[in-house]
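The values are calculated or read from the model by the stated rules, or taken from the named source; none is laboratory data. Given the structure is predicted, the values throughout are model-derived calculations rather than measurements. Note: ideal-geometry Cβ built from the backbone for every residue, glycine included; neighbour counts use all protein chains shown. The protein model used for the area step is the full one, side chains on, heavy atoms only, and it has no ligands, DNA or RNA in it. Shrake-Rupley method; radii C 1.70, N 1.55, O 1.52, S 1.80 Å.
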Amino acid sequence: MSNNGPKTLFDKIWSDHLVGQRDDGTSLLYIDRHLVHEVTSPQAFEGLKLSNRKVRRPEATFATADHNVPTINRENISDEQSRIQVETLAKNTKEHNIEYFELTDRRQGIVHIIGPEQGITQPGMTMVCGDSHTSTHGAFGALAFGIGTSEVEHVLATQTIVQKPAKNMRIAVNGKLPFGVTSKDLILYIIGQIGTAGGNGHVIEYAGTSLKPLSMESRMTICNMSIEAGARAGLIAPDQITFDYIKGRPYAPSKDHWEKAIDYWSSLPSDQDAFYDNELIINSDEIDPMVTWGTSPEDVVAVSGFVPDPSSGKTENKQKSIQRSLDYMGLKSGTKITDIKLDKIFIGSCTNGRIEDLRNVASIVKDKKISSHISGMIVPGSGLVKKQAEEEGLSKIFIDAGFEWRDAGCSMCLGMNPDQLKPGERCASTSNRNFEGRQGRGGRTHLMSPELAAASAIKGNISDIRDFI
């Protein structure tokens with residue numbers, strides 16, 4: 001990290017929040033916003049109780065239950081452990097006077113969707129949560145990253161965290177995104193290029209002409225999956241699109257403070273001659289609609305491509321890894337991606353459960369029916385997204401097409417609630433991870449954009465959205 005001279009966006013946020021630093025670089029960083037959910041917080045609150053400590057800044061802490069929440073019959077959580085975690089979160093937040101978006105609250109939803117939705121997420125902030133996909137909030141120019149349970153306790157008690165500064169990495173994507181290519185395709189392509197360890201030790205700043213016109217929803221998708229590239233966090237510099245999104249939201253700066261906020265936010269973009277430890281430039285013409293074929297987000301190929309052969313691996317270990325993925329996924333090398341038949345469709349998650357995603361899906365499935373052998377599920381990322389989708393008539397389009405329309409939650413992104421794949425079931429998923437068993441023991445996951453998932457639901461097999469439209 002540069003201390004003098006031109007600074008990157010990361011450098012600026014870091015230095016603005018630096019409480020103290022040792023000679024070895026170990027730093028104490030002030031945290032502006034702490035997001036809490038039911039999975040990683042119980043032990044942290046218990047630690048506070050045992051040490052007779054209180055939450056340092058309750059007004060800077062926000063909580064919701066999302067991972068364990070059923071998306072139907074949500075008031076009746078049948079799994080005992082899940083129910084206890086949700087009840088414990090409600091108890092702890094009440095005891096410490098923390099804002100809690102409970103299950104009956106329309107604002108409840110996935111933590112990384114309700115933060116931006118409420119205006120809690122703002123440029124220049126430091127934000128943490130006991131969840132790896134906290135990187136989502138970097139789309140606003142906030143330094144946001146996931147932390148462990150012991151760190152959750154430390155932040156609750158002190159509103160600070162001990163960290164070492166990351167290296168700076170810049171990925172610039174230039175040109176107009178081709179027809180049918182979305183932000184989900186862009187980030188999957190990047191992960192395919194640099195691998196799941198490509199961003200290790202770095203905060204990735206995304207830039208370039210391709211990103212400038214993107215909506216905040218699309219930017220959040222990109223930053224959300226930075227963690228899948230191994231990065232500590234992802235960042236996109238704030239601009240007028242960012243400011244317009246935040247303005248008027250419940251926790252946004254008030255009218256009296258708005259201009260001062262804009263002045264500060266406008267100072268955040270990286271200086272022209274700022275130093276980056278690593279840089280990558282991508283031409284948008286290179287990018288096609290992308291689909292994962294294996295059990296890692298880097299196992300990705302254009303939808304018009306083919307399942308790879310193990311011999312394509314550059315090392316013996318990589319060749320073995322490809323074979324293991326093929327065995328688990330039940331695929332043969334050389335198979336056309338568009339010949340892969342699906343069993344289920346999941347549209348939702350903190351990656352693609354926003355209103356823009358649902359509008360795009362509705363535009364594809366309107367007046368159509370999903371394939372007779374397909375089971376499709378659409379899960380809004382928050383209660384407010386659900387309400388808006390219903391008011392716009394999107395939910396009726398989904399139901400008429402044959403999809404299940406659910407309540408808000410993490411749902412089938414991960415196997416921590418009733419929405420799970422059965423062994424051997426193959427799913428087109430708009431979530432962020434395709435590890436073995438991620439969506440349920442033995443489940444097979446293909447990551448893709450909401451648009452591809454919608455087209456695939458209609459066809460019954462993985463489909464190229466460009467051919468479909």
Could you count how many residues in region 171-191 are touching a Phe, Trp or Tyr at 6+ places or on another chain (Cβ under 7 Å) and among the charged types (D, E, K, R)? 0
Just wondering, is there one or more residues in region 408-417 that are over 13 Å from HIS67 (Cβ atoms) and under 16 Å from the mean Cα position of the chain (by Cα)? no
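Quick check: is even one residue across region 71-80 free of Cβ contacts under 8 Å to residues at least 12 places away in the same chain, open to solvent by 10 Å² or more (accessible area, probe 1.4 Å) and part of a helix (DSSP H, G or I)?
Going residue by residue through region 71-80, those that are free of Cβ contacts under 8 Å to residues at least 12 places away in the same chain are 73, 76-77, 80.
Next, only the ones that are open to solvent by 10 Å² or more (accessible area, probe 1.4 Å) stay: 73, 76-77, 80.
Going one step further and asking which of them are part of a helix (DSSP H, G or I), we end up with 80.
The answer is yes; a qualifying residue exists.
Given the criteria in contact with a strand residue (DSSP E or B) (Cβ under 7 Å, 6 or more places away or on another chain), in a helix (DSSP H, G or I) and open to solvent by less than 30 Å² (accessible area, probe 1.4 Å), does SER226 qualify?
On the way: in contact with a strand residue (DSSP E or B) (Cβ under 7 Å, 6 or more places away or on another chain): yes; in a helix (DSSP H, G or I): yes; open to solvent by less than 30 Å² (accessible area, probe 1.4 Å): yes.
Here the answer is yes, as SER226 does meet what is asked.
Does VAL36 satisfy being more than 24 Å from the chain's Cα centre (by Cα) and either at pLDDT 95 or above or of a type in the set (Ser, Thr, Tyr) (or both)?
Details: more than 24 Å from the chain's Cα centre (by Cα): no; either at pLDDT 95 or above or of a type in the set (Ser, Thr, Tyr) (or both): yes.
No.
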Which listed residue, of ALA274, ALA261, is more than 30 Å from ASP464 (Cα to Cα) and touching a strand residue (DSSP E or B) at 6+ places or on another chain (Cβ under 8 Å): ALA274
Suppose we filter VAL307, VAL301 for residues that are touching a residue at least 40 places away in the same chain (Cβ under 8 Å), closer than 20 Å to TYR189 by Cα and among the β-branched types (Val, Ile, Thr); which single one remains? VAL301
Qualifying positions in region 324-337 - part of a helix (DSSP H, G or I) and touching a Lys or Arg at 6+ places or on another chain (Cβ under 8 Å): LEU326, TYR328, MET329
Determine, yes or no, whether GLY376 is crowded, with 23+ Cβ neighbours inside 10 Å and either modelled with pLDDT of 95 or more or in a helix (DSSP H, G or I) (or both). yes
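Residues are listed down the side, and each one gets a yes or a no for (1) under 25 Å from LEU28 (Cα atoms); (2) free of Cβ contacts under 8 Å to residues at least 24 places away in the same chain; (3) polar (S, T, N, Q):
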residue: VAL162; (1), (2), (3): yes, no, no
residue: PRO165; (1), (2), (3): yes, no, no
residue: GLY175; (1), (2), (3): no, no, no
residue: ILE194; (1), (2), (3): no, no, no
residue: GLY199; (1), (2), (3): yes, no, no
residue: LEU211; (1), (2), (3): no, no, no
residue: ILE246; (1), (2), (3): no, no, no
residue: ASP263; (1), (2), (3): no, yes, no
residue: ILE281; (1), (2), (3): no, no, no
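Would you check if there is a residue in region 34-41 being β-branched (Val, Ile, Thr), open to solvent by 10 Å² or more (accessible area, probe 1.4 Å) and out of contact with any strand residue (DSSP E or B) (no Cβ under 9 Å at 6 or more places or on another chain)?
We begin by selecting, within region 34-41, every residue β-branched (Val, Ile, Thr); these are 36, 39-40.
Then keep just the ones that are open to solvent by 10 Å² or more (accessible area, probe 1.4 Å); that gives 39-40.
Now restrict to residues that are out of contact with any strand residue (DSSP E or B) (no Cβ under 9 Å at 6 or more places or on another chain): 39.
Yes, the conditions are met somewhere in region 34-41.
Test GLU228 against the criterion of being touching a helix residue (DSSP H, G or I) at 6+ places or on another chain (Cβ under 9 Å) and free of Cβ contacts under 8 Å to residues at least 60 places away in the same chain, and give yes or no.
On the way: touching a helix residue (DSSP H, G or I) at 6+ places or on another chain (Cβ under 9 Å): yes; free of Cβ contacts under 8 Å to residues at least 60 places away in the same chain: no.
Here the answer is no, as GLU228 does not meet what is asked.
For region 150-216, please list each of the strands (runs of 3 or more DSSP E) lying entirely inside it that holds at least 2 residues being open to solvent by less than 10 Å² (accessible area, probe 1.4 Å) and aliphatic (A, V, I, L, M). Explain how you work it out, then say what you get.
Details: elements: 160-163, 167-174, 202-207.
Passing ranges, in order: 167-174, 202-207.
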If you go through region 106-129 one residue at a time, how many are under 17 Å from VAL86 (Cα atoms) and either open to solvent by 10 Å² or more (accessible area, probe 1.4 Å) or modelled with pLDDT under 95 (or both)? 2
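Looking only at region 135-149, count how many residues are open to solvent by less than 10 Å² (accessible area, probe 1.4 Å) and either more than 25 Å from GLN240 (Cβ to Cβ) or over 21 Å from the mean Cα position of the chain (by Cα) (or both).
Start the filter on region 135-149 by keeping residues that are open to solvent by less than 10 Å² (accessible area, probe 1.4 Å), which leaves 135-145.
Then drop every residue that is not either more than 25 Å from GLN240 (Cβ to Cβ) or over 21 Å from the mean Cα position of the chain (by Cα) (or both), which leaves 145.
Qualifying residue count, region 135-149: 1.
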Search result, residues across region 411-431 that are assigned to a loop (DSSP other than H, G, I, E, B) and either in contact with a helix residue (DSSP H, G or I) (Cβ under 6 Å, 6 or more places away or on another chain) or β-branched (Val, Ile, Thr) (or both): ASP419, THR430, SER431
Just to verify a result, which residue in region 120-158, among those that are among the small types (Gly, Ala, Ser) and in contact with a Phe, Trp or Tyr (Cβ under 8 Å, 6 or more places away or on another chain), is farthest from THR8 (Cα to Cα)? SER135
Looking only at residues in region 88-107 that are assigned to a helix (DSSP H, G or I) and of a type in the set (Ser, Thr, Tyr), which one is nearest to ALA60 (Cα to Cα)? THR93
Hits in region 281-323 - residues which are open to solvent by 50 Å² or more (accessible area, probe 1.4 Å) and either hydrophobic (A, V, I, L, M, F, W, C) or assigned to a strand (DSSP E or B) (or both): ILE281, ASN283, PHE306
Just one of the numbered conditions (1) out of contact with any Lys or Arg (no Cβ under 9 Å at 6 or more places or on another chain); (2) surrounded by fewer than 17 Cβ atoms within 10 Å (Cβ to Cβ); (3) more than 25 Å from PHE275 (Cα to Cα) is not true of TYR245; which one? (2)
Cβ contacts < 8 Å: first residue without any contact (Cβ under 8 Å) to a residue 24 or more places away in the chain, restricted to region 320-343; second residue surrounded by 14 or more Cβ atoms within 10 Å (Cβ to Cβ) and part of a helix (DSSP H, G or I), any location; separation 6+ or different chain. Result? LYS320/PRO310; GLN323/PRO310
Return the total of residues in region 129-141 being in contact with a Pro (Cβ under 6 Å, 6 or more places away or on another chain) and assigned to a loop (DSSP other than H, G, I, E, B). 1
